[in-house]
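Here you go, one structure.
The values are calculated or read from the model by the stated rules, or taken from the named source; none is laboratory data. Given the structure is predicted, the values throughout are model-derived calculations rather than measurements. Glycine also receives a Cβ, built like all others from the backbone with ideal geometry; neighbour counts cover every protein chain displayed.
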Amino acid sequence: MGEQEAKAVGFTPTVIYQIHGERTTADHTKETAGILAEKQVDLLLFTGGDGTARDILDAIDGKVPVLGIPAGVKMHSSVFAINPTHAARVIISYLQGELPVEQGEIMDVDEEEFRSGRLSAKLYGYMNVPYEPHLMQSTKASTIQTEDEGEQQRAIAKHVVEEMKCGSLYVLAPGTTVKAIADRVGVAKTLLGVDVVLDSRLVASDVDEGKLLELIQNRPTKLVVTPIGGQGYIFGRGNQQISPKIITKVGKENIIVVATRGKLEGFPQKRLLVDTGDKAVDIMLRGYIRVITDYREETVIRVE
């Protein structure tokens with residue numbers, strides 16, 4: 001569980017736990033984390049998403065501080081750095097004694113709500129994490145569906161649908177604002193999936209990267225995304241099906257970002273974020289972009 005990778009980059013690791021076979025399980029993660037906690041390590045690092053964070057929570061009982069390096073599909077929790085590079089900066093600052101420790105929330109999708117057709121996150125507990133708000137992601141927050149919020153989402157949908165071009169594919173990422181666009185078109189939208197519309201018809205539902213690459217070949221395509229509430233990610237959290245390959249092929253000029261004014265006001269440092277896993281693509285996406293916030297209304301905001 002990491003020995004070969006550590007050696008490959010020049011470390012000399014101490015092996016504290018071994019498994020037999022090639023597949024690791026949640027129990028392996030918990031047992032390893034428990035051993036590290038008993039050894040009172042200065043900082044326990046883990047790579048993954050909310051599921052891994054919950055495993056670590058179960059195993060260490062607050063004995064040592066932790067830091068999550070984002071690499072999962074779901075990352076609602078506030079124990080993760082914004083991206084791996086930021087994680088390195090947090091680690092260095094913390095080990096040099098420059099950062100305090102605060103409690104970070106462990107959040108994950110509420111499975112009962114999800115089975116009922118509703119998407120919400122559930123609080124599972126807290127872990128101690130180095131505190132650096134500019135380098136750590138916030139907890140994912142659901143947008144409060146007030147009457148004004150719903151009206152703005154419908155107004156955004158009206159704007160986007162009126163601008164849709166015949167013969168162009170529209171890739172609809174997850175999110176309630178994007179769902180309002182699907183509702184306006186008259187097609188079903190999956191809660192956590194990526195769906196594809198062509199000429200007001202649903203041509204593919206809950207697609208993966210491979211299917212998307214197949215669909216966008218030799219056809220004009222628009223990516224319709226909305227930032228994650230409370231965090232501000234437009235790529236790299238919850239929509240990993242839209243991979244760096246797809247973003248590069250479609251082009252930055254064909255990305256449509258939608259968000260209500262209320263959602264934008266809730267973002268830390270008034271910025272949007274990207275963490276696609278491809279440094280060149282992240283750099284390409286940075287800068288100022290237009291976000292559709294109402295019918296015929298756009299806001300310019302910075303992407304980092």
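Across the range 4-22, what is the total count of residues that are surrounded by 10 or more Cβ atoms within 10 Å (Cβ to Cβ) and within 18 Å of Glu38 (Cβ to Cβ)?
3
How about the range 147-161: which of its residues are surrounded by fewer than 20 Cβ atoms within 10 Å (Cβ to Cβ) and either more than 16 Å from Leu223 (Cα to Cα) or outside the structural domain of Val185 (by TED's automatic domain parsing) (or both)?
Glu147, Asp148, Glu149, Gly150, Glu151, Arg154, Ala155, Lys158
Do the conditions hold for Leu212, that is, is it under 24 Å from Leu272 (Cβ atoms), touching a helix residue (DSSP H, G or I) at 6+ places or on another chain (Cβ under 8 Å) and modelled with pLDDT of 95 or more?
Criteria met by Leu212.
Look through the range 12-32, keep the residues that are assigned to a helix (DSSP H, G or I) and out of contact with any Asp or Glu (no Cβ under 8 Å at 6 or more places or on another chain), and return whichever of them is nearest to Val66 (Cα to Cα).
The qualifying residue nearest to Val66 (Cα to Cα) is Thr32.
Here's a follow-up. Here are some residues: Thr52, Thr32, Thr14. Which one is touching a strand residue (DSSP E or B) at 6+ places or on another chain (Cβ under 6 Å), within 28 Å of Tyr131 (Cα to Cα) and not hydrophobic (A, V, I, L, M, F, W, C)?
Thr52
Continuing with the same structure: So how many residues does the range 42-61 have that are part of a loop (DSSP other than H, G, I, E, B) and buried (at least 17 other Cβ atoms within 10 Å of the Cβ)?
2
A further question follows. Filtering the range 108-165 down to residues that are modelled with pLDDT of 85 or more, more than 24 Å from Leu273 (Cβ to Cβ) and charged (D, E, K, R), which residue is nearest to the chain's Cα centre (by Cα)?
Of everything passing the filter in the range 108-165, Arg154 is nearest to the chain's Cα centre (by Cα).
Also, I was wondering about something else. Right, Ile256: hydrophobic (A, V, I, L, M, F, W, C) and out of contact with any Pro (no Cβ under 7 Å at 6 or more places or on another chain) or not?
yes
Looking at this structure, is Leu36 over 30 Å from Ile283 (Cβ atoms), without any contact (Cβ under 8 Å) to a residue 24 or more places away in the chain and surrounded by 14 or more Cβ atoms within 10 Å (Cβ to Cβ)?
no
Is at least one residue of the range 284-293 free of Cβ contacts under 8 Å to residues at least 24 places away in the same chain and surrounded by 14 or more Cβ atoms within 10 Å (Cβ to Cβ)?
Yes, the range 284-293 contains at least one residue that is free of Cβ contacts under 8 Å to residues at least 24 places away in the same chain and surrounded by 14 or more Cβ atoms within 10 Å (Cβ to Cβ).
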